[in-house]
Amino acid sequence: MKNTDKNLVEKAAYFSLSGDVNSDMVHRVFEASAQMSEHGVSTAHVLLHSHGGYVSDGICLYNFLRNSSVEFVMYNGGAVASIAVVLFLAGRRRLASKTARFMIHKSHASAPGGASPQALQIIAEGLVADDLRTESILKEHLSLSRKHWDIHSHLDLHFTSKDAIAVGLIDKIGDFSPPRGARLVNI
């Protein structure tokens, strides 16, 4: 037997990740990634279901997963929205069920009652900064038309799986389907 990289066995593992993108999710993903490393996982298939959450937590997860030695294959089986789309884009390969949906939008926040003009300005500046960060990642991965960007500037922008292929959000339509006997771990 030749001693080549081809003889290394690919070790795949299967995970589900759902809920709000927040510091708790960041912690859970960090812990799961440590376990993957410890068990020699080379490819992690992750079914993601999330309506979004905090921009900074989503960007942290994007950067962490994108630069991991583990190859992440991301799946959308239902809904991936808001900052969860950025997290989804960390996948080196990306798939979605034919009935799945995606949604992206501008950052938003609620101002506390009685907020001063200075406080409102700080909130607005933070939202603009978050939009610049997320949009730079979207532009790196997606081929959105001028019409898409115009919609995005004022409204929620929705994609079906078929639409997602056209803009580069997914590589193909396909379902998360771990092989029989595979262990499924909820992160």
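General observations
- Contact order normalised by residue count of the chain, Cα under 8 Å, 6+ apart, percent: 24
- Using Cβ point charges alone (K and R +1, D and E -1), the dipole size of region 34-144 about the Cα centre works out to roughly 440 debye.
- I173 sits with roughly 80 Å² accessible to a 1.4 Å probe, with DNA, RNA and ligands left out of the calculation.
- Residue among S153, S107, S18 with the largest mean-square fluctuation in a Gaussian network model of the chain, springs linking Cα atoms under 10 Å: S153
- Taking all protein chains together, L155, L65 sort by accessible area into L155, L65, largest first [probe 1.4 Å].
- Farthest toward positive dipole pole in region 110-157 [+1 Lys/Arg, -1 Asp/Glu at C-beta], among T134, A119, H152: H152
- Fraction of the pair-distance distribution of region 52-133 above 17 Å, Cα-Cα pairs, percent: 55
- For the options N76, N22, N67, a Gaussian network treatment of the chain with springs between C-alpha atoms closer than 10 Å singles out N67 as fluctuating the most.
- At q = 0.13 Å⁻¹, base-10 log of I(q)/I(0) for the chain (Debye sum, equal scatterers on each alpha carbon): -0.70
- Only lysine pairs 8 or more places apart, or on different chains, with alpha-carbon atoms under 21 angstrom apart are counted in the chain, and they number 10.
- The alpha-carbon atoms of region 89-153, seen along their principal axes, cover 46, 24, 23 angstrom, with the largest extent given first.
- With the convex hull of its Cα atoms as the shape, region 1-94 has an orientation-averaged projected area of 6.1 nm².
- In the full protein context, region 85-125 carries 56 Å² of accessible surface per residue, based on a 1.4 Å probe and ignoring ligands, DNA and RNA.
- Size of region 119-187 as Cα extents on the principal axes (Å, biggest first): 54, 30, 20
- Unit charges on C-beta of K, R, D, E only; dipole of the chain, Debye: 760
- The listed residues K162, K139, K106, K11, once ranked by accessible area (1.4 Å probe) with the largest placed first, stand as K162, K139, K11, K106.
- Residue of S136, S56, S97 that the Gaussian network model of the chain assigns the largest fluctuation, springs spanning Cα pairs under 10 Å: S136
- The spacing between region 16-95 and region 126-155, judged by their C-alpha centroids, is 20 Å.
The values are calculated or read from the model by the stated rules, or taken from the named source; none is laboratory data. Values in this document were obtained by computation on a predicted structure and should not be read as measured data. Neighbour counts are summed over all protein chains in view; Cβ atoms, including those assigned to glycine, are modelled from backbone coordinates with ideal geometry. SASA here: full protein model, heavy atoms, side chains in, ligands and nucleic acids out. Shrake-Rupley method; radii C 1.70, N 1.55, O 1.52, S 1.80 Å.
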